[in-house]
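Enquirer: Below you'll find the structure I mean.
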Amino acid sequence: MERVTVSDTATVSEREAEEPGWEVDPDDEQGAAIVAFVGRQLRARREAAGMRVAEFAADMGYGEGIVYKVESGKRIPRPEYLEKADEVLGAGGCVAAMRDDVAEARYPKRVRDLARMEARAVDVQWYGAHDIHGLLQTEGYMRALFGMRQPAYEEAQIEGAVAGRLARQAIFDRRPSPALSFVLEEVALRRPLGGRMVLCRQLERLLEIGQLRAVSLQVMPTDREEHAGVDGSTEMLKFRDGSAVGRSPGVAAGRPVDDPKQLRVLELRYGMIRAQALTPRESLAFIEQLLGET
């Protein structure tokens with residue numbers, strides 16, 4: 001962000017304050033505690049450096065209102081804010097190092113919990129009855145989906161949900177790579193949510209991900225006369241210690257389960273779904289064909 005003069009401070013403060021997606025969710029106790037802790041640390045370091053808020057804000061290039069909100073734990077600081085604060089306060093990387101912890105606070109708690117489970121998983125299996133898995137979605141597709149939710153999401157909710165979903169996609173960069181298996185319905189690949197351009201980019205993204213060695217991407221054609229997924233979506237996460245967790249509307253009313261008997265039902269169902277779908281090679285060819293038609 002450009003450095004601003006004192007006369008510009010109010011304008012910058014107002015613009016930053018209105019930007020959605022960086023407010024603290026009062027119902028998220030863990031996230032609020034993290035942001036409050038970081039705010040206290042920033043204030044303590046500023047005061048130890050003998051800097052008043054006005055002086056610190058001017059050196060930072062932010063409005064005083066933003067500094068007050070961050071230090072009081074009412075606003076989540078951006079990564080670039082922490083990097084600049086580290087530089088201004090001469091913290092030697094200690095402040096900038098809080099970026100990852102603070103970034104998590106921006107995501108809804110349920111997204112953080114899911115991301116942690118996915119980060120531990122060595123095997124991810126997923127079948128979607130009517131959608132495309134969040135790990136596979138482009139940002140444009142995500143925004144289209146969240147923008148269609150009813151009751152309607154506030155802009156801040158959309159920003160937080162998109163940021164959390166994008167962060168989960170770091171699973172593709174893990175080493176060693178987990179085994180990732182996805183089965184998508186043909187109808188989900190044809191429905192132009194967000195418009196034709198959004199769908200085109202989404203199909204291109206699927207073709208890119210489908211080339212990864214650790215990823216198996218399959219399509220369930222609409223004209224199949226037998227389908228083991230009629231009860232709805234199925235998802236399983238398997239962990240290194242041999243434990244697993246899964247869920248499907250047809251098992252335990254859709255609640256996450258870790259009971260071996262219920263997991264066997266999900267595994268059997270998912271195996272049948274994969275057998276009935278196109279092979280990974282056939283699926284990529286089918287997606288490429290859809291892209292040409294879109």
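The values are calculated or read from the model by the stated rules, or taken from the named source; none is laboratory data. The structure displayed is predicted, hence computed values, not measured ones. So basically every Cβ, Gly included, is an ideal-geometry build from the backbone, and we count neighbours across all protein chains shown. All accessible areas refer to the heavy atoms of the entire protein, side chains included, with ligands and DNA or RNA removed. Shrake-Rupley method; radii C 1.70, N 1.55, O 1.52, S 1.80 Å.
Enquirer: When the convex hull of the Cα atoms of the chain is projected onto a plane and the area is averaged over all directions, what value comes out in nm²? Provide the component values of the computation, followed by the final result.
Expert: Working: hull surface 72.0 nm².
Taking a quarter of the hull surface, the average projection is 18.0 nm².
Enquirer: If you restrict to DSSP beta bridges whose two residues both lie in the chain, what percentage is antiparallel, to the nearest 5?
Expert: The antiparallel proportion sits near 50 percent.
Enquirer: Also, quick follow-up: Write down the accessible area per residue of the chain in Å², having rolled a 1.4 Å probe over the full set of protein chains. Numbers along the way, then the final one.
Expert: Details: 15440 Å² over 294 residues.
Averaged over the residues of the chain, the accessible area is 53 Å².
Enquirer: Something else now. Please find the FRET efficiency linking Gln41 to Leu212, where r is the Cβ-Cβ separation and R0 is fixed at 45 Å, and quote it to the nearest 0.05.
Expert: Numbers: r = 39 Å, r/R0 = 0.87.
Between Gln41 and Leu212 the formula returns 0.70.
Enquirer: If R0 is 45 Å, what FRET efficiency do you get for Arg120 and Cys200 from their C-beta distance, rounded to 0.05? List each step's numbers first, then the result.
Expert: Values: r = 34 Å, r/R0 = 0.76.
Working from the Cβ atoms, E equals 0.85.
Enquirer: Under a 10 Å cutoff between Cα atoms, tell me which one of Glu154, Glu225, Glu29 has the largest fluctuation in the Gaussian network model of the chain.
Expert: Glu225
Enquirer: Mind checking which of Arg224, Arg168, Arg191 has the largest fluctuation in a GNM of the chain, springs on alpha carbons under 10 Å?
Expert: Arg224
Enquirer: With both partners inside segment 135-268, how many of the DSSP beta bridges are antiparallel, as a percent to the nearest 5? Spell out each step's value before the answer.
Expert: Details: 6 of 12 bridges.
Antiparallel bridges: around 50 percent, rounded to the nearest 5.
Enquirer: How high is the relative contact order of the chain, in percent, with contacts defined as C-alpha pairs under 8 Å that are six or more residues apart?
Expert: Computed value for the chain: 17 percent relative contact order.
Enquirer: Just need the relative contact order of segment 100-213 here, percent rounded to a whole number, with Cα pairs under 8 Å and 6+ apart.
Expert: Working: 103 pairs, mean separation 45.2, N = 114.
Computed over segment 100-213, the figure is 40 percent.
Enquirer: Ignoring everything except DSSP H segments at least 4 long, calculate the 222 nm mean residue ellipticity for the chain; use -39,500 (n - 2.57) per segment, divide by total residues, nearest 500.
Expert: Calculated at 222 nm, the ellipticity per residue is -16000 deg cm²/dmol.
Enquirer: Take the alpha-carbon centre of segment 175-204, take the same for segment 232-249, and report the distance between them in whole Å.
Expert: Cα centroid of segment 175-204 versus Cα centroid of segment 232-249: 21 Å apart.
Enquirer: Contour minus end-to-end for Arg240 and Glu80, with contour as 0.36 nm per residue of separation and end-to-end as the Cα-Cα distance? Could the numbers behind the result be given before it?
Expert: Values: separation 160, 0.36 × 160 = 57.60 nm, distance 3.57 nm.
Full extension from Arg240 to Glu80 adds 54.0 nm.
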